[in-house]
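To start, the structure itself, in structure tokens.
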Amino acid sequence: MQLLRHMQSLLAQLYDAPVSEDVQDFVLSDRQRLRAAVGEQAGDAADEQVYVVEEEQGVRVGLFLERGVLERLARRDPLDALDEDNLPDFCTALEGVSHFHYLVWSLARGRNVSLLELELQAEVDKYATAVALMTRQQQGRFPDALHARLFHAVSFLPQLDETSRRRYQEANRHAARFCRSLEERFMRVRRQRPELWLAELRRFFRRGHQEKIRQLAV
């Protein structure tokens, strides 16, 4: 479980966007406890699910992560070595942490967040944190194959309804275009400019839904 706290810390540092809530305090890894906490909203939960429950006092936010994902990551810590073997589980956990962190950060600022915006930011977050980790772990060598692995070698759960499937596909498409643009401008050049790469990521993080879509449509 410490791994999730470290993932959240990575996001907070990457975007200079700390929050007071510790994701570790909001995690469930047992499906029965998830159903008890959120009722029908649990549905056929995938390996990762952020939930929001409205109550009289406000809203209750939490994160479900399948126990098997956490156990495999505990055996092969991606913060020590992120590779093809643990990349899928890393992305699953990071997506959940991203949803939680961005939702809490936005709620604290009174910002509305759409489902598409949550998915889009999570797609960017998976790429950005993986780039940061793998570059550091590989003595500064940029992971050239990562973009294709994250954005093209993907599949979607067969039980998704058509609306959800389109949302995931749209988020994947927009994030792929944005992250490719960052690579080509700042990382795949003779003189890499990681500080500009980081600045663009931080600006994107702070834009609202419509601003992000307008930027990506250019």
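Just so it is clear, none of the values below were taken in a lab; they were calculated from the coordinates. All figures in this text were calculated on a predicted structure; none of them were measured in a lab. Glycine also receives a Cβ, built like all others from the backbone with ideal geometry; neighbour counts cover every protein chain displayed.
Side notes on the structure shown:
- Calculated [θ] (222 nm, deg cm²/dmol) that DSSP helices of n ≥ 4 give over the chain, each run adding -39,500 (n - 2.57): -18500 deg cm²/dmol
- Mean Kyte hydropathy of -1.0 or more with a Cα span along the axis of at least 15 Å, helices from DSSP in the chain: 2-15, 87-107, 115-137, 194-206
- Ranked by the mean number of other Cβ atoms within 10 Å per residue, highest first, peptides 102-111, 4-13 order as 4-13, 102-111.
- Extending 7 Å from the Cα toward the beta-carbon at both His6 and Ala36 defines two label points whose distance is 3.0 nm.
- Rg and Dmax of region 82-127, Cα atoms only, in Å: 11.8, 39
- Arg60 long-range amide H proximity, modeled H, under 5 Å: Val53, Glu54, Glu55
- Shown for Thr163, Thr92, Thr135, Thr129: other C-beta atoms within 10 Å of each C-beta, ranked fewest to most, produce the order Thr163, Thr135, Thr92, Thr129.
- Diagonalising the gyration tensor over the Cα atoms of the chain and scaling each eigenvalue by 5 before taking the square root yields semi-axes of 27, 20, 17 Å, largest first.
- Where Rh is the Kirkwood radius over Cα pairs, Rg/Rh for region 1-124: 0.95
- Magnitude of the charge dipole, region 2-217, Cβ model with Lys/Arg +1 and Asp/Glu -1, debye to 20: 1080 debye
- The alpha carbon centroids of region 187-218 and region 58-72 are separated by 29 Å.
- Scanning residues 5 or more positions from Val50 or on other chains, those with amide H under 5 Å from its amide H are Phe64, with H placed 1.01 Å from N in the peptide plane.
- Ascending count of other beta-carbon atoms within 10 Å, so fewest first, for Glu84, Glu117, Glu71: Glu84, Glu71, Glu117
- Likely footprinting exposure, Val97, Val19, Val189, Val52, fewest C-beta neighbours within 10 Å first: Val189, Val52, Val19, Val97
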